[in-house]
Amino acid sequence: MAAPASWQSIIDALPDPVLALDSELIVVHANQAAHDLFPAMRLGGPVALASRSPELAEALARMVGSGERRTVGLHERFPVVRRLDVALASLAGRLPGEPAVLLVVHDVSERERLAQMRADFIAHASHELRTPLSALRGFIETLQGQARNDEAARERFLGIMAAESQRMTRILDDLLSLSRLEMRAHIAPSGRVDLAETLSAVIEALAPVAEAAGVTVSLARPEQPRFIRGDRDELVQLFSNLVQNAIKYGHRGGRVDVAASEERVAGRDVVRVTVADDGPGIAEVHLPRLTERFYRVDDRSSRAKGGTGLGLAIVKHILNRHGGELRIRSKVGEGSTFTVELPRADGK
Ligand SMILES: Nc1ncnc2c1ncn2[C@@H]1O[C@H](COP(=O)(O)OP(=O)(O)OP(=O)(O)O)[C@@H](O)[C@H]1O
Ligand SMILES: [Mg+2]
């Protein structure tokens with residue numbers, strides 16, 4: 001039979017950071033996770049080396065010999081900003097070297113960040129829906145009131161109302177797309193998609209949009225079919241948004257060049273697709289934020305162009321699911337290039 005485990009070895013076996021302090025609040029034992037979390041802490045040193053939080057110091061001072069348990073929330077700024085929940089339990093130890101207080105730490109930074117993101121997202125989504133909704137309400141009231149018998153106004157308002165309600169439908173469709181993608185994020189796509197054919201189909205479907213903007217779209221694609229493991233509908237959605245953005249935000253009467261090529265990147269075979277426009281470009285400060293939900297460079301002009309600001313967020317989710325990557329290169333006045341890399345399907 002194995003010898004009974006010492007209390008130190010039990011602490012060592014726990015996955016969460018755990019510290020044991022004596023009645024003088026000196027660290028008498030700590031597991032590896034605790035050392036990783038508090039690099040400045042050392043055995044035999046005061047607990048203040050781990051955290052200088054006054055709340056923790058105050059709680060610890062009252063803890064020794066109390067027989068109590070409580071949890072203290074810490075907002076640490078150093079070495080990184082993080083939120084920790086520390087569960088404290090008073091133990092019997094009275095002599096030096098004997099544990100008198102046990103600290104179990106939970107890093108809740110990620111949980112809090114997600115909660116914040118969710119709250120921001122709901123605020124954003126309601127705001128986006130409220131804008132067309134209040135326009136609709138305004139026009140309905142006008143049509144019920146002063147414009148009741150004004151035929152010309154009625155025609156014009158109904159046109160705007162139709163556009164606003166379409167906009168709401170688009171926002172809701174895009175939000176549903178995003179949530180479906182999130183639900184399937186961990187299921188790798190299983191189809192086999194001919195990328196060159198998909199690109200041709202996307203460009204063909206957008207021909208009327210390009211024509212209306214006077215934009216010429218060209219495609220340089222490999223002769224042979226190039227297969228990737230993917231979901232065709234999602235890939236169509238991905239490239240449609242990139243090509244549509246290039247047409248929408250590019251130069252009126254300008255050009256959009258789409259090219260597909262095969263590359264070997266970091267030891268794996270990928271297909272690289274670039275969508276380049278000769279439009280006004282995007283200032284560098286915006287580039288890292290473009291794939292955030294509802295992020296638009298120029299709110300008014302993008303909204304006027306029917307944009308919901310969700311397209312590139314959807315692109316990013318589709319790429320994550322496909323093990324692909326997106327790079328954006330742009331300079332003000334020199335157009336933008338969106339580059340997508342997707343892993344090739346095995347065997348072809
Ligand atoms: N090729 C481009 N040139 C200049 N700006 C661009 C280009 N592509 C995207 N942007 C900017 O990035 C923003 C986000 O694009 P995204 O596709 O996510 O949303 P959107 O086009 O506004 O809406 P949606 O795609 O849902 O219709 C756009 O509003 C636009 O300001
Ligand atoms: Mg878009």
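A few notes on this one:
- The residue that is most open to solvent (accessible area, probe 1.4 Å), among those in the range 1-42 that are over 41 Å from the mean Cα position of the chain (by Cα) and of a type in the set (A, V, I, L, M, F, W, C), is Met1.
- Taking the range 35-108 and the strands (runs of 3 or more DSSP E) fully enclosed by it, the elements with 3 or more residues that are closer than 12 Å to Ala20 by Cα are at 82-90, 101-107.
- Taking the listed residues Leu143, Leu133, the one that is open to solvent by less than 60 Å² (accessible area, probe 1.4 Å), of a type in the set (A, V, I, L, M), more than 23 Å from Ile26 (Cβ to Cβ) and in a helix (DSSP H, G or I) is Leu143, with no other qualifying.
- Members of the range 163-192 found to be under 14 Å from Arg293 (Cβ atoms), of a type in the set (Ser, Thr, Tyr) and touching a helix residue (DSSP H, G or I) at 6+ places or on another chain (Cβ under 7 Å), listed by number: Ser177
- Scanning the range 235-257 for residues that are within 10 Å of ligand 2 (Cβ to nearest atom) and of a type in the set (D, E, K, R) gives a single hit, Lys248.
- When we screen His322, His317 for residues that are more than 13 Å from ligand 2 (Cβ to nearest atom) and open to solvent by 20 Å² or more (accessible area, probe 1.4 Å), the only hit is His317.
- Residues located in the range 176-186, provided they are in contact (Cβ under 8 Å) with a residue 40 or more places away in the chain and open to solvent by 30 Å² or more (accessible area, probe 1.4 Å): Glu182, Arg184, Ala185
- Residue within the range 159-173 that is touching a Lys or Arg at 6+ places or on another chain (Cβ under 9 Å), aliphatic (A, V, I, L, M) and open to solvent by less than 70 Å² (accessible area, probe 1.4 Å) present: no
- Selection count, the range 258-273, where residues are out of contact with any strand residue (DSSP E or B) (no Cβ under 8 Å at 6 or more places or on another chain) and within 16 Å of ligand 2 (Cβ to nearest atom): 0
- Hits in the range 274-288 (condition: of a type in the set (Val, Ile, Thr) and either within 16 Å of ligand 2 (Cβ to nearest atom) or exposed (fewer than 14 other Cβ atoms within 10 Å of the Cβ) (or both)): Val275, Ile282, Val285
Here is a yes/no grid of residues against (1) more than 12 Å from Val273 (Cβ to Cβ); (2) open to solvent by 70 Å² or more (accessible area, probe 1.4 Å):
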residue	(1), (2)
Arg192	yes, yes
Ala196	no, no
Ala205	yes, yes
Ala210	yes, no
Ala213	yes, no
Val217	yes, no
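- Any hit, the range 290-304, residues being of a type in the set (Phe, Trp, Tyr), free of Cβ contacts under 8 Å to residues at least 60 places away in the same chain and within 15 Å of ligand 1 (Cβ to nearest atom): yes
- Which numbered condition Phe338 misses (of (1) in contact with a His (Cβ under 6 Å, 6 or more places away or on another chain); (2) of a type in the set (Phe, Trp, Tyr); (3) at pLDDT 95 or above): (1)
- Between Leu103, Leu88, Leu95, Leu114, the distinction of being under 30 Å from Glu68 (Cβ atoms) and surrounded by fewer than 12 Cβ atoms within 10 Å (Cβ to Cβ) belongs to Leu95 only.
- Scanning the range 240-279 for residues that are touching a helix residue (DSSP H, G or I) at 6+ places or on another chain (Cβ under 9 Å), farther than 17 Å from Ile328 by Cβ and either away from ligand 1 (no atom under 13 Å from the Cβ) or without any contact (Cβ under 8 Å) to a residue 24 or more places away in the chain (or both) yields Gly253, Ala260, Val271.
- Tally, over the range 203-226, of residues that are of a type outside the set (Gly, Ala, Ser), touching a residue at least 12 places away in the same chain (Cβ under 8 Å) and within 19 Å of Gly306 (Cα to Cα): 3
- Scanning the range 291-339 for residues that are charged (D, E, K, R) and in a helix (DSSP H, G or I) returns Asp299, Arg300, Arg303, Lys316, Arg321.
The values are calculated or read from the model by the stated rules, or taken from the named source; none is laboratory data. Small disclaimer: the values here were computed from a predicted structure and weren't measured. Positions of Cβ are backbone-derived with ideal geometry, glycine not excepted, and every protein chain shown enters the neighbour counts. In case anyone asks, the SASA skips ligands and DNA or RNA and just uses the protein heavy atoms, side chains included. Shrake-Rupley method; radii C 1.70, N 1.55, O 1.52, S 1.80 Å.
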